[in-house]
1. Can you report the number of residues in segment 15-55 which are touching a helix residue (DSSP H, G or I) at 6+ places or on another chain (Cβ under 8 Å), among the β-branched types (Val, Ile, Thr) and more than 10 Å from Thr3 (Cβ to Cβ)?
2. Are there any pairs, at least 6 apart or on different chains, whose C-beta atoms fall under 6 Å, with the first in segment 29-41 and without any contact (Cβ under 8 Å) to a residue 40 or more places away in the chain and the second buried (at least 17 other Cβ atoms within 10 Å of the Cβ), and if so, which?
Amino acid sequence: MYTRKVVEGQELIITITRPDVLNGLNPAAHHERARHFDGFEANCDLRVAIIPADA
């Protein structure tokens with residue numbers, strides 16, 4: 001896994017978890033992130049998506 005997804009109230013938090021490569025996104029990480037956004041778009045209860053990165 002390249003990301004960690006957490007839902008807190010109306011927030012979706014997708015944390016990029018690749019500090020070993022300075023949180024760079026390869027094609028697999030992009031696809032994983034896209035799946036999270038598909039779920040975000042389908043869930044009317046979510047209002048905002050936040051994308052932090054592990055240090």
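1. Number of matching residues: 0.
2. These pairs meet every condition: Ala29/Tyr2; Glu32/Tyr2; Glu32/Thr3; Arg33/Thr3; His36/Ile14; Phe40/Leu12.
Only the coordinates and a few stated rules stand behind these numbers; no lab work does. Not measured: the values here are computed from a predicted model. Cβ atoms come from the backbone with ideal geometry, glycine included; neighbour counts cover every protein chain shown.
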